[in-house]
Structure formats: structure tokens, C-alpha cells
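Okay, so here's the structure we're looking at.
Each reported figure results from applying straightforward, stated rules to the coordinates on display, with no laboratory input. Please read all numbers here as calculations on a predicted model, not as lab measurements. For neighbour counting, all protein chains shown are included, and Cβ atoms are generated from backbone atoms with ideal geometry for every residue, glycine included.
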Amino acid sequence: MLADRAVAEIVAAARAEEPDVDVHDLMPSQLTPGKLAEATSPSLFGERRVVVLRSAQDLTKDLAAEVTKLLQHPAEDVLLVLVHAGGNKGKALLDAAVKAGARRFNCAKPTKANERLQFIKGEFSRAGRQITGDAAQALLDAVGNDLRELAAACTQLVSDTDGRVDAAAVARYHSGKAEATGFTVADRAVEGRLSEALEQLRWCLAIGTAPVLINSALAGAVRGLAVVAQPERGAADADLAKRAKIPPWKMKTLRQQVRGWSPHGVAHAMAVVAETDALIKGAGRDPAYALERAVIEIANARNQS
């Protein structure tokens, strides 16, 4: 998505200078030496062209050599754009482009939570808007890690809201995926926010989220509390995250959630999720009632001494 956006911005800039600019967007499978020469040869009428070569790393040896010659002797009316996936394949062509003075756009995929949050904030900045930190986190939790989906969600919020976007606006437009909603129930329960936890639980059940998924989220949240509440001396965050079965970036949230929890409260909460697991798998008659009871018990256990 980032590479497509970079190409689109280059083409838009060219069209801003010359609205009738001719654009050739080509894949290696569409290319022959003759077609490449036709697209990049000087125009009799001086018309400007943009030639985009996608997946440049997949060009054949002969075509790569021809592109290298074009880089060494560029036509004044041709703007050549190479899109490369990264890595060593086709790196010689990239080196030739850089040597010829090409401008390079790095489109590294955000892989860490903080990078994705910065991506979300950057989307709003591009639109001249702002989003609060907790709203950006809520949007990431609801939509997931796919950049196209995140960008589309940001565009929707920019279009449908005014002023600074907060967590309430995100909640209004993005209820989240089933799994994420189950995690929201669990987060609100272990934070002691009972009314919100029950509201989320009823919404989950109303849209058909499987009770076993919701209780699994509750169990995961309580397990995380147990790991963080009494960590082994000298244990690194990465080790604690592995034991809690959470990504390392969530340790900060978990440390905030564990405040107010005593060993007795955690033990009680663990017993509750174990009992609830049995109730929703056949030992009880009403899974919804069992989950509601579990949420109440867990939220109330938070301040038990």
C-alpha cells in the first residue's frame, strides 16, 4: 500500500505540472524490449511521460540491462519509476538507479505496535486532523494490522467526524472484530469497569460471538495478571510476555491493569474462568448467564485483599 501510494503521489505531481501526461504502468510480464523502448523513446511532440515499472526485482536479465542503459542515458521527457520489493534480488538495478541520481522512497512496513500507531497518527496529520493516543490504540485494536484497512478506517473517521478524534468517536464507528470485542470485554473486566464490561459482553453475544471465545479472552487476561503480579526476579519483559502469551508491546497495558489486584483476587479470578469454561461447554444451561456472572466476579475481584 505504501509503495502504491508513493507511485500515485509521483504521478499526481507530474499531472499537476502537465495534466495530459501519458502514464505507462507496466509489470514484467507485460514487457518486451520493444515495448519498453516504445514507452521510453523520445517523443516527436515533446510530450511528457511517466513510465512505472512494477516488481522491478523480477525483470529478466536482458530487460534489466535495458533499464540500466535508460538510467545511464535518460530521456528528458520521461519520468521513470521503479518499484522494487526489497531484498537482494534485482539489487544491481537499484544500485544503478541510485548511482544515476534517482530519488529513493523507502516504504518499510510497520511491524511494531508503536509504528502502527504512528502510521495512524500520520494518516490524520496528512488530512490536517488529529487523533488522541487512546483513540489511535482503540482503532488499531478494532481494525487490526492491515495497513489498507487502517488507512480506510482513518479516511472514514476524517470524513464522518469533526475536530480532534477521540476514543468515543472510534467506538461509535468501529465496534471491532469478534475476537477484538472479546478482548475488550476481558480488558474492561480486569480493569474493574463493570458496567462497560457488561455492555460489551451483551453486544458480543448479540452479534453472535461464540461464548467460548469470550471466555478464552477472559482467561487470557487473567493469566496475564497472574504472570505480571508476581514476576520472577530478573525476568525480562520478553520472557514475561511469552509466559502470558501476549505480544511484548502489550506488557505496558498489562502493568497498568494489574494495579489493584492482590494474589487472592487473581486466584479467585482464575477459579472463576475455569468454572465458566465448564459451564459454557455443557455443565451449565445458559452460557450467557455464566459469562455475565464471570464478568461480575472478575471485576469485583480486582480490589479484593
When the dipole is taken about the Cα centre of segment 113-173, and only Lys, Arg (+1) and Asp, Glu (-1) are charged at their Cβ, what size is it in debye, to the nearest 20? 160
Return one number: the angle in degrees, 0 to 90 and rounded to the nearest 10, between the long axis of the Cα atoms of helix 133-143 and the longest principal axis of the Cα atoms of the chain. 80
Could you tell me which of ILE207, ALA241, ALA217 has its Cα farthest along the dipole of segment 178-301 towards the positive end, charges placed at Cβ (Lys, Arg +1; Asp, Glu -1), taken about the Cα centre? ALA241
Taking GluC sites (Glu not before Pro) as exposed when DSSP calls them loop (any state but H, G, I, E, B) and at most 16 other Cβ atoms lie within 10 Å, what is the longest stretch of the chain free of them, the sites themselves excluded? 77-231
So, with +1 on the Cβ of K and R and -1 on the Cβ of D and E, and no other charges, what is the size of the charge dipole of the chain about its Cα centre, to the nearest 20 debye? 1060
At a threshold of 8 angstrom on Cα-Cα distance, excluding pairs fewer than six apart, so keeping six or more, what relative contact order does segment 113-173 reach in percent? 41
Between 0 and 90°, nearest 10: helix 113-126 axis offset from the chain longest Cα axis: 60
So what is the relative contact order for the chain, in percent, with contacts set as C-alpha pairs under 8 Å and at least six apart? 12
So how far apart, in nm, are the two label points at LYS245 and GLN230 if each is 7 Å from Cα heading toward Cβ? 2.1
Most positive-pole-ward Cα, MET27, TYR173, ALA189, against dipole of the chain from beta carbon charges: ALA189
With a ≥ b ≥ c from the Cα gyration tensor eigenvalues, square-rooted, and the rule rounded for a/c under 1.5, otherwise prolate when a/b > b/c and oblate otherwise, segment 178-301 is prolate
Between segment 73-105 and segment 187-228, the Cα center-to-center distance that results, in Å: 51
Beyond 31 Å, how much of the Cα-Cα pair distribution for the chain remains, as a whole percent? 50
What is the local net charge at ALA3, summed over the other residues whose Cβ is closer than 13 Å to its Cβ (Lys, Arg +1; Asp, Glu -1)? +2
Checking the table LYS61/LYS99; LYS61/LYS91; LYS252/LYS281; LYS89/LYS121; LYS99/LYS121 against a 23 Å threshold on Cα-Cα, which pairs fail? LYS252/LYS281; LYS89/LYS121; LYS99/LYS121
